[in-house]
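Some notes on the structure that comes next.
The values are calculated or read from the model by the stated rules, or taken from the named source; none is laboratory data. Predicted, not measured: the structure shown is a model, and the values here were computed from it. Cβ coordinates were reconstructed from backbone atoms using ideal geometry, including for glycine residues, and neighbour counts include every protein chain displayed. Calculation scope for accessible area: heavy atoms of the full protein, side chains included, ligands and nucleic acids excluded. Shrake-Rupley method; radii C 1.70, N 1.55, O 1.52, S 1.80 Å.
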Amino acid sequence: MNSSAAKNRGTPRRRMTVEKRREQIMDAARDIANAEGFHAVTLDRVAEACGITRTLIYQQFGNLSGLLVAMVDREYARAARDFAEAAKRPPRKGQSRYGAGVAGVLEAVDASPATWRMLLMPSHGGPPELYERLEQARDLTQEYLAAALREAGVNSSNFANPDPELAVRMLLAVSQELVHLRLTKPRVYTIDRLVAQAERLIEVMFPH
């Protein structure tokens, strides 16, 4: 045996920290749910994917329900953070605030498609908390759109749309569809194409 091999055998294997192990377990649960649906997520499959025992998952999360709720909360927090950052993005020259926000969200979708797919296209069998988070996400988006339109002066006589409350709901539905298209057919529906359509929609709905 050479000295290098002996040295490697004598080096203790570094154990994963508790926090990193939790992240690994939640990643595995998310990936299985994303690929096959929540019904496919079991403790045995998650443990196998992580190379650990079920006991360790019980120690970290209590049971399967606890794991799924923790994973959903984490993914929702990530999406909410990304959405907040997109909402603050300053528009480029000739771009509306709505168009800038759409661009930011679509880039976040590309960075974490599994997160956004789970929240906007949830499979059956998810924990009740998942659907509660979906309602929270819709409320958050609607509040952002309403604030953006108020800032733009949507209630003034300069805008032709007489029903800003309904307009916000229309924009929310369109925004969700833009994300859905990006998730399902990214090669067909490029970010530039979707943002351009968002800008056209704003011009039609709120002509100056």
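A few notes on this one:
- Test result for R30, out of contact with any Lys or Arg (no Cβ under 9 Å at 6 or more places or on another chain), basic (K, R) and surrounded by 13 or more Cβ atoms within 10 Å (Cβ to Cβ): no
- Screening E48 on (1) modelled with pLDDT under 95; (2) open to solvent by 80 Å² or more (accessible area, probe 1.4 Å); (3) among the acidic types (D, E) shows it passes everything except condition (1).
- Set L56, L119, L67: member being modelled with pLDDT of 90 or more and open to solvent by less than 20 Å² (accessible area, probe 1.4 Å): L67
- In a residue-by-residue description of segment 46-58, the property of being in contact (Cβ under 8 Å) with a residue 24 or more places away in the chain and either among the charged types (D, E, K, R) or closer than 22 Å to L119 by Cα (or both) applies to no position.
- Test result for E107, at pLDDT 85 or above, open to solvent by 60 Å² or more (accessible area, probe 1.4 Å) and not hydroxyl-bearing (S, T, Y): yes
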